[in-house]
Amino acid sequence: MRIARFSIDGNVAFGAVEGDKPDELVLDIIKGIPFADFELSGTKVPLSKVRLLPPVLPNKVVAFGRNYAAHARELGNDVPDAPFAFFKPATSVIGPGDEIQYPAFSQDLHHEAELAVVIGRMCREVPRERVKEVIFGYTCANDITARDVQKREKQWARAKGFDTSCPLGPWVETDLDPGDLTVQLTVNGRQRQLGRTSEMIHSIEDLIVNITEAMTLLPGDVILTGTPAGVGPLNVGDEVAVTIEGIGTLTNKVIKRG
């Protein structure tokens with residue numbers, strides 16, 4: 001099931017996305033919230049009539065770096081022996097169609113297409129065999145990075161945590177095997193990144209076991225699983241699109257921060 005979060009007539013709701021053709025998609029509005037038992041209302045609205053929002057509002061975004069060997073090598077980094085985590089704040093999250101604001105403190109903004117895991121229940125110290133029980137679903141993400149700031153500063157809070165640096169969407173797919181999905185990214189229609197989730201160094205199970213050894217995850221929290229090779233610069237005016245097999249496409253435009 002594809003679960004979207006949207007606004008219509010000033011109201012915010014969740015809905016199940018139905019249909020196959022892009023111009024015929026509709027939303028069946030959900031009664032309640034998708035992280036608990038819910039029902040479909042039967043009230044349907046065309047997707048074209050709503051504004052899609054970030055599919056979740058996470059308490060935290062836990063991102064894992066250098067989880068594809070080719071990406072680590074392209075930036076001259078060693079492949080970490082263990083998962084390597086950092087955080088993006090909730091204020092970095094934007095949705096499909098929202099604008100990525102080029103920060104004034106950077107002159108080298110990069111894209112990073114990633115599979116995002118959405119947590120469905122509060123969890124801590126999750127054993128490997130129960131990881132699937134805590135996953136709500138999967139969505140597309142773009143780990144926007146001020147590469148020059150990342151290289152210059154010893155920690156990544158500003159380089160990866162600035163406002164609008166975490167586009168998510170267009171919705172959450174709850175019925176998906178993430179083991180071998182195509183991950184691709186285009187800028188102005190030209191392909192920049194192409195990889196498969198099977199190329200991850202550390203699996204989704206590895207990542208969730210690793211982070212829940214240290215902290216509690218809450219419903220709606222997001223795990224970014226790393227990016228394939230091919231990261232590169234973005235400029236004001238660019239349209240960047242992340243497409244993940246079985247999920248859909250997340251598109252955003254880069255603007256100058258006002």
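The values are calculated or read from the model by the stated rules, or taken from the named source; none is laboratory data. All figures in this text were calculated on a predicted structure; none of them were measured in a lab. All Cβ positions, glycine included, derive from the backbone under ideal geometry; neighbour counts span all protein chains shown. For the accessible areas, the whole protein counts, side chains as well, though only heavy atoms, and no ligand, DNA or RNA atoms are used. Shrake-Rupley method; radii C 1.70, N 1.55, O 1.52, S 1.80 Å.
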Per residue, how big is the convex hull of region 191-235 when only Cα atoms are used? Give it in Å³.
123 Å³
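For D28, D98, write out the residues from largest to smallest accessible area, computed with a 1.4 angstrom probe and no ligands counted. Could you put the intermediate results ahead of the total?
Working: D28 10, D98 30 Å².
Ranking D28, D98 by accessible area, largest first, yields D98, D28.
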Please go through the residue pairs K60/K154; K160/K253; K21/K60; K44/K160; K21/K160 and name each one whose alpha carbons sit more than 26 Å apart in this structure.
K21/K60; K44/K160; K21/K160
Keeping all protein chains in place and using 1.4 angstrom, which order do M1, M215, M122 fall into by accessible surface area, from largest down?
M122, M1, M215
Would you kindly find the accessible area of S48, with a 1.4 Å probe and non-protein molecules such as ligands, DNA and RNA excluded, rounding to the nearest 10 Å²?
100 Å²
Can you give me the Cα centroid spacing of region 83-133 and region 190-204 in angstrom?
15 Å
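Could you look at the chain and say what percent of its accessible area is carbon and sulfur, using a 1.4 Å probe and all protein chains? Can you show the working numbers first?
Numbers: 5640 of 11720 Å².
Using a 1.4 Å probe with all protein chains present, the chain comes out at 48 percent carbon and sulfur.
Can you give the accessible area per residue of region 28-103, in Å², using a 1.4 Å probe? Numbers along the way, then the final one.
Details: 3820 Å² over 76 residues.
That works out to 50 Å² for each residue.
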Among A159, F105, W171, which residue has its Cα positioned farthest towards the positive end of the charge dipole of region 102-223, with +1 placed on the Cβ of Lys and Arg, -1 on the Cβ of Asp and Glu, and the dipole taken about the Cα centre?
F105
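Only helical DSSP H runs with n ≥ 4 go in: add -39500 (n - 2.57) per run for the chain, normalise by residue count and round the 222 nm mean residue ellipticity to 500 deg cm²/dmol.
Working: 4 runs with 26 residues, N = 258.
Roughly -2500 deg cm²/dmol at 222 nm, from the helical runs in the chain.
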Report, in cubic angstrom per residue, the convex hull volume of the C-alpha atoms of region 89-167.
117 Å³
For region 1-98, take the convex hull of the Cα atoms, compute a quarter of its surface area, and give me that in nm², please.
9.1 nm²
Under the rule a/c < 1.5 gives rounded, and otherwise a/b versus b/c splits prolate from oblate, where does the chain land using the Cα gyration tensor?
oblate
Relative contact order for region 110-258: what is it in percent, counting Cα pairs under 8 Å that are at least 6 residues apart?
35 percent
Expressed in nm², what is the orientationally averaged projection area of the convex hull enclosing the Cα positions of region 156-258?
7.8 nm²
Which whole-number percent is the relative contact order of the chain (Cα, under 8 Å, 6+ apart)?
25 percent
Only residues of region 172-186 count here: report those whose backbone N is under 18 Å from the spot 7 Å along Cα→Cβ of E199, or say none.
178-186
